[in-house]
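The values are calculated or read from the model by the stated rules, or taken from the named source; none is laboratory data. What you see is a predicted model, and the numbers here were worked out from it, not measured in a lab. For neighbour counting, all protein chains shown are included, and Cβ atoms are generated from backbone atoms with ideal geometry for every residue, glycine included. Side chains included, ligands, DNA and RNA excluded: accessible areas come from the protein's heavy atoms. Shrake-Rupley method; radii C 1.70, N 1.55, O 1.52, S 1.80 Å.
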Amino acid sequence: MYFRRISAVLAACAVCAAVSPLIGGQPAGAVSLSSLQSQQQKIEKELAEINSELKSLKNDVAQQEQYQDTLSQQIALNTQKMAVIDGQMVQLSADMEENEEKLAAAGENIAAKEAEIEETSDQYKLRMRAMYMAGEASSLEMLFSSESFSDLLTNIEMMQAISEHDTALLEQLRVQKSDLENQKSQAERIQEDISQQQADMTAQREQMEQTNAELEAAYAESEAAVQNIQAEQEIFEQNAAAKQKEADQIEAEISAEIKRLQEENEKKQQAQNGGQATQFNSTFARPTDNGYYISSPYGPRWGSFHSGIDITAGGCYGKNIYASASGTVITAGWHWSYGNYVVIDHGGGYSTLYAHASSLNVSVGQNVVQGQVVAKIGSTGQSTGPHLHFEVRINGQRQNPANYVSY
Ligand SMILES: [Zn+2]
């Protein structure tokens with residue numbers, strides 16, 4: 001499985017949540033209570049493990065989702081980069097086409113210039129040959145062929161002028177050709193440069209495609225992982241629901257047991273005061289001194305249910321726990337989760353419970369008055385620090401203590 005961790009969920013009163021057992025003094029209920037308690041301990045432990053697993057799986061899903069977000073961002077970024085490269089490639093292709101045209105034009109111009117040079121050069125050679133032959137034919141012949149001396153001079157000057165003109169023309173043509181060749185080689189360099197850029201970009205793009213393919217594969221893998229985790233989560237959730245149902249059943253049985261103990265106490269009370277039903281005419285007082293606060297309220301907690309309020313203060317270890325109202329102690333003993341604890345029946349179906357005490361000051365059957373010290377604050381049972389876990393019940397059913405005492 002993915003990123004599996006087993007983390008123990010332990011905090012103040014972690015397990016006392018759905019628990020309210022009684023151990024004290026009633027032989028009739030002792031066997032069933034003890035059996036209920038051990039069932040409950042087992043179920044609560046299993047529930048805690050399941051919830052811890054679920055928490056871990058949820059965390060795994062969150063991690064995978066975060067990972068997927070990162071992958072998506074990387075893919076989007078890469079895709080943007082590829083679009084930029086594609087744009088550049090289009091520009092490069094246009095540049096290349098333009099340059100190829102220049103190159104072709106330069107080639108044509110050079111060929112035309114070469115033809116021109118060739119032609120001019122041929123004409124020049126012909127004239128030079130004519131002049132040479134004229135030279136060979138002796139000045140006399142030329143002299144005789146000329147109608148006058150001045151005519152002869154004119155002929156010679158003309159020949160020289162033609163020669164000078166041709167030489168200049170040829171020189172000019174050669175310069176033009178050289179310019180064209182420079183243009184051509186520049187265009188060739190540009191072409192090489194563009195080809196190099198195209199090759200670089202093609203390589204970059206291929207690299208990015210490769211990277212994106214890898215990122216997408218990782219994304220798909222992560223999605224598959226999430227599906228596995230979710231399938232597992234579903235199984236755990238089904239297990240948790242089944243366990244919770246069991247725990248609720250036991251809680252109901254325990255509430256019934258508290259009610260039974262209260263009824264037994266009620267009978268005793270009635271026997272003592274001539275058959276009169278007890279009534280709760282009082283109010284509840286804070287079970288601690290002032291300066292305390294609620295560190296964990298009543299209600300659903302960690303996939304379970306916190307059946308009371310946790311009351312604490314700095315340096316509270318060993319400080320007094322007071323009876324919230326007058327009544328009879330119906331339980332005073334030890335429980336694996338509550339630690340040292342006391343339950344007081346106040347009559348009229350009301351009872352209060354005080355848990356995690358460092359020591360107890362009362363015993364079963366004892367009558368106590370409101371404000372009497374019944375125990376000392378501690379951290380016994382399933383507790384991570386000194387505090388008082390305080391419950392109020394009516395006919396065994398848990399109530400929100402915050403409705404009865406204010407902090
Ligand atoms: Zn608690």
**Prompt:** From the list Asn290, Asn320, Asn228, which one is away from the ligand (no atom under 16 Å from the Cβ), at pLDDT 90 or above and under 30 Å from Gln73 (Cβ atoms)?
**Reply:** Asn228
**Request:** Check Gly275, Gly314, Gly291, Gly308 and return the single one that is small (Gly, Ala, Ser), over 18 Å from Ser351 (Cβ atoms) and under 40 Å from the mean Cα position of the chain (by Cα).
**Result:** Gly314
**Complete:** The number of residues in the stretch 254-283 that are touching a helix residue (DSSP H, G or I) at 6+ places or on another chain (Cβ under 8 Å) and either open to solvent by less than 40 Å² (accessible area, probe 1.4 Å) or assigned to a loop (DSSP other than H, G, I, E, B) (or both) is 6
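Here's a check for you: in the stretch 338-376, which residue that is over 21 Å from Asn400 (Cβ atoms) and within 16 Å of the ligand (Cβ to nearest atom) is farthest from the chain's Cα centre (by Cα)?
From the stretch 338-376, those over 21 Å from Asn400 (Cβ atoms) are 339-340, 357-369, 371-376; that's our starting set.
Filter once more, so that each one left must be within 16 Å of the ligand (Cβ to nearest atom): 339-340, 357-358, 375.
Details: Gly339: 41, Asn340: 44, Ala357: 43, Ser358: 44, Ala375: 48 Å.
Looking at the filtered set, the residue picked out is Ala375.
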**Odd one out for Thr288 among (1) outside any loop (DSSP other than H, G, I, E, B); (2) crowded, with 18+ Cβ neighbours inside 10 Å** = (1)
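With the structure loaded, tell me whether Gln399 is within 16 Å of the ligand (Cβ to nearest atom) and out of contact with any strand residue (DSSP E or B) (no Cβ under 7 Å at 6 or more places or on another chain) or whether it fails that test. Full working, then the answer.
Numbers: within 16 Å of the ligand (Cβ to nearest atom): yes; out of contact with any strand residue (DSSP E or B) (no Cβ under 7 Å at 6 or more places or on another chain): no.
So Gln399 fails the test.
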**Request:** Out of His335, His387, report the one residue that is under 20 Å from Arg260 (Cα atoms), buried (at least 20 other Cβ atoms within 10 Å of the Cβ), within 13 Å of the ligand (Cβ to nearest atom) and of a type outside the set (Val, Ile, Thr).
**Result:** His335
**Request:** For residues that are open to solvent by less than 50 Å² (accessible area, probe 1.4 Å) and either under 12 Å from Asp166 (Cα atoms) or in contact with a helix residue (DSSP H, G or I) (Cβ under 7 Å, 6 or more places away or on another chain) (or both), tally how many sit in the stretch 95-123.
**Result:** 10
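Test Val31 against the stated conditions and say whether it is at pLDDT below 50, more than 16 Å from the ligand (Cβ to nearest atom) and either more than 30 Å from Pro297 (Cβ to Cβ) or surrounded by 15 or more Cβ atoms within 10 Å (Cβ to Cβ) (or both). Don't jump to the end; show me each part of the working.
Working: at pLDDT below 50: yes; more than 16 Å from the ligand (Cβ to nearest atom): yes; either more than 30 Å from Pro297 (Cβ to Cβ) or surrounded by 15 or more Cβ atoms within 10 Å (Cβ to Cβ) (or both): yes.
In short, yes.
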**Request:** Report whether or not Ile43 is more than 16 Å from the ligand (Cβ to nearest atom), at pLDDT 90 or above, outside the structural domain of His389 (by TED's automatic domain parsing) and open to solvent by less than 20 Å² (accessible area, probe 1.4 Å).
**Result:** no
**Fill in**
Heads up, the strands (runs of 3 or more DSSP E) in the stretch 318-407 (entirely inside) with at least 3 residues that are closer than 24 Å to Asp248 by Cβ are 327-335, 339-347, 350-357, 388-394, 397-399
**Asked** Here is a list of conditions, (1) closer than 18 Å to Glu209 by Cα; (2) of a type in the set (Ser, Thr, Tyr); (3) under 20 Å from the mean Cα position of the chain (by Cα), and Ser56 meets all of them except one; can you say which number that is?
**Response** (1)
**Message:** Condition first: basic (Lys, Arg) and closer than 30 Å to Gln204 by Cβ. Now tell me which residues in the stretch 78-127 satisfy that.
**Reply:** Lys81, Lys102
